[in-house]
Amino acid sequence: MSVIALFHSSLGVRPGVQDAAARLRDLGHEVQVVDQYDGRTFDDQATAGAYVESIGFPALMQEALDATADLPDGFVVAGFSNGAGMAEHVALHRPVSGAVLMSGALPLSFLGAEDWPAYVPVQLHYATADPFRDDSWIDGLLADVRRSGARAEFHEYDASGHLFTDASLPDEHDADATEQLWKHVGAFLDSLGG
């Protein structure tokens with residue numbers, strides 16, 4: 001089974017992140033939840049976004065690398081929204097075995113990189129009506145990964161919430177889409193043979 005570094009969205013380590021970690025542990029994986037906010041959480045994207053801006057993306061990206069420095073090579077990165085960007089950043093700087101990106105995708109140019117590691121498969125998940133979805137970013141990342149020769153899976157869900165797996169966000173949560181996502185994630189992790 002895999003060792004997984006799990007990154008939260010800009011809202012912090014909300015119940016949906018803890019649920020994700022519990023689901024992954026139930027599948028037999030070892031999970032390290034990376035809390036970049038030292039326990040602070042938010043209920044809305046605007047306030048959370050302002051907090052992220054106050055810290056700055058360079059500082060958060062460095063913190064993501066620092067938080068995973070002690071993990072053994074070959075771990076898996078996973079993240080929600082802003083945390084998906086953190087997962088991508090770590091995958092560009094550490095030898096990881098896979099990346100699970102949920103409701104977040106950044107073209108490599110945004111991260112100052114030209115090439116995705118050819119040995120790192122990616123699984124990307126999005127709701128079809130996610131209000132923060134940018135199809136050009138999704139297409140850009142998938143093209144970057146595939147150009148490297150790495151496997152890229154893309155799963156879409158008939159849902160409208162950005163963080164649709166988080167039951168503590170009733171306006172966003174979609175139970176059916178959540179179960180579908182975790183089935184895909186489980187199969188992806190099994191394919192890595194961790």
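Bear in mind these aren't lab numbers, they're just calculated from the coordinates by the rules spelled out. All figures in this text were calculated on a predicted structure; none of them were measured in a lab. Neighbour counts run over all protein chains shown; Cβ positions are idealised from the backbone, glycine included.
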With Cα Rg over 2.2 N^0.38 Å as the read-out, I listed (i) 1.21; (ii) 0.92; (iii) 1.06; which label goes with the value calculated from this structure?
(ii)
Specify the residue with the greatest mean-square fluctuation among A152, A177, A46, computed from a Gaussian network of the chain linking alpha-carbon atoms under 10 Å apart.
A46
If we count other beta carbons within 10 Å of each Cβ, what is the order of V33, V13, V96, fewest first?
V33, V13, V96
Would you mind ranking D43, D130 by Cβ crowding within 10 Å, fewest neighbours first?
D43, D130
What 222 nm value per residue comes from the helices of the chain, counting each DSSP H run with n ≥ 4 as -39,500 (n - 2.57) and dividing by all residues, nearest 500 deg cm²/dmol?
-12500 deg cm²/dmol
Taking other Cβ within 10 Å of each residue's Cβ, how do I138, I55 sort, fewest first?
I55, I138
